[in-house]
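Here the structure comes first, spelled out in structure tokens, and everything after it is commentary.
Coordinate-derived values only; no laboratory data. Fair warning: this is a prediction, and the values are worked out from it, not measured in the lab. Cβ: placed from backbone, ideal geometry, glycine included. Neighbour counts: every protein chain shown.
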Amino acid sequence: MSDIVFGGIVGAIITFLIAWIVDSIPVWIAAKFFSDEDSFPRAMVATLGGIIVFAIVFAIFTIGLAVFIGPLASLVGVVIAFIALLLVFKAVFDVGWLGALGIAIMSVIIFLIIAFILSIIGIGIPNLIHHV
């Protein structure tokens with residue numbers, strides 16, 4: 001039984017690390033267009049920090065505002081969490097608000113292009129995770 005639990009934990013850690021690296025690549029490429037402080041380790045910090053900050057801010061605002069504004073709380077939470085994500089990009093890459101927004105938008109576009117190319121050759125994100 002402990003082998004199954006250990007294997008599950010190791011598999012989850014490996015999957016997390018692969019997903020973190022894959023998600024950091026578009027951020028790194030996008031940062032090259034907007035920042036002189038672009039490096040892959042910085043992109044990894046920005047990606048992980050951005051995910052954590054986004055999740056925390058989204059949860060706080062969504063739960064906190066749900067009582068007052070109902071279903072709109074999720075929308076407000078997403079907007080404020082996105083601004084918090086931009087703040088992370090701004091701090092990590094030493095850019096202004098427009099630079100952070102540019103990195104965010106361009107990294108999504110780059111991710112979609114990479115995912116499309118990988119899907120053409122038969123490698124999709126679900127396939128990568130499934131084989132780990």
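Once you sort the root eigenvalues of the Cα gyration tensor of region 37-105 as a ≥ b ≥ c, which label holds: rounded (a/c under 1.5), prolate (a/b larger than b/c) or oblate (the other case)?
Note, shape of region 37-105 comes out prolate.
Starting at 0 and stepping by 5 Å, how many percent of the alpha carbon pairs of the chain end up in each bin?
Histogramming the chain at 5 Å steps yields 2, 11, 15, 16, 15, 16, 13, 8, 3, 1, 0 percent.
Size of the dipole of region 2-131 about the Cα centre, Lys and Arg at +1 and Asp and Glu at -1 on the beta carbon, nothing else charged, in debye to 20?
Dipole of region 2-131, to the nearest 20 debye: 180 debye.
If neighbour count is taken as other Cβ atoms inside 10 Å, put Leu75, Leu65 in order from fewest to most.
Least crowded to most crowded, the residues run Leu75, Leu65.
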